[in-house]
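The next block holds one structure in the form of structure tokens; read it before the comments.
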Amino acid sequence: MKKISLYLVLMITVFLLIMKGDQLINLLTSESLDRVVTYVQSWGLFAPLISIGLMVFQAIAAPIPAFLITGTNGLLFGVFWGSVISWIGAIFGAVVAFYLAKRLGYDFVKKKVNETGWLNQLERLNGKYGFWIVLIARLVPVVSFDLISFAAGLAGMKLRTFLISTGIGMLPATIAYTMLGHDMSNIEQFNERMLFIIGILMGITLIGILLRKKFIKQKPGS
């Protein structure tokens, strides 16, 4: 069942890449939440699958922010199901990026990764701190999720370790961004909750930055 689900998502993603690659890049970099909402909604019953496909697409076409997609999920599917769809899409996207880096190697990753410092962490990603490095990096919203996935795949990190740290680490930000997207439709009604969510994101970022100094900025072997 898991293989069928993965193949289905990959088929949708390949379709999007072949048929509408340039159009989707323009859409996801437009900074227009309304445009993304209209596009996903136009697929009717297939909207959740298309949203998941878009998450995988943005991971492959990185660096492209995923906020517009998670925000769209919040608006269209509500906080709970929007968060579930966003989280599943993010997991699929991370796994695809992980395997692309694993199969295509250093030259492919170097084209995707702007922060060369991450390439110096490859040994540590496959070492005893690998789980914590990925977990902490996922908790810091300013760090590209896709960058982490590419680096982890290139480092030869174990898939199980990568999935667990990724799934846990990206959950808070995924829920928060989905809620923000949902609440944008009625700012007056959810004004206090939006401020609370922003505060949570700032707190997560601060914690992540402090922990990052401990686990990520150390030299390998320290």
Do any helices (runs of 4 or more DSSP H) entirely within segment 1-84 hold 3 or more residues that are modelled with pLDDT of 85 or more, farther than 21 Å from Phe108 by Cβ and among the aliphatic types (A, V, I, L, M), and if so, which? 33-41, 47-60
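Within segment 30-89, count every residue that is β-branched (Val, Ile, Thr) and loosely packed, with under 15 Cβ neighbours inside 10 Å.
Taking segment 30-89 first, the residues β-branched (Val, Ile, Thr) are 36-38, 40, 50, 52, 56, 60, 64, 69-70, 72, 79, 84-85, 88.
The next check asks that each one be loosely packed, with under 15 Cβ neighbours inside 10 Å; those that pass are 38.
Total satisfying the criteria: 1.
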Would you call Ala173 part of a helix (DSSP H, G or I), at pLDDT 70 or above and closer than 27 Å to Leu75 by Cβ? yes
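Does Tyr99 satisfy the criteria of being within 14 Å of Asp146 (Cα to Cα), in contact with a helix residue (DSSP H, G or I) (Cβ under 7 Å, 6 or more places away or on another chain) and modelled with pLDDT of 85 or more? Spell out how you get there, then give the answer.
On the way: within 14 Å of Asp146 (Cα to Cα): yes; in contact with a helix residue (DSSP H, G or I) (Cβ under 7 Å, 6 or more places away or on another chain): yes; modelled with pLDDT of 85 or more: yes.
When the stated conditions are applied, Tyr99 passes them.
The values are calculated or read from the model by the stated rules, or taken from the named source; none is laboratory data. Because the structure is predicted, anything quoted here is derived from the model rather than measured. Cβ sites come from the backbone with ideal geometry, for glycine too, and all protein chains shown count toward neighbours.
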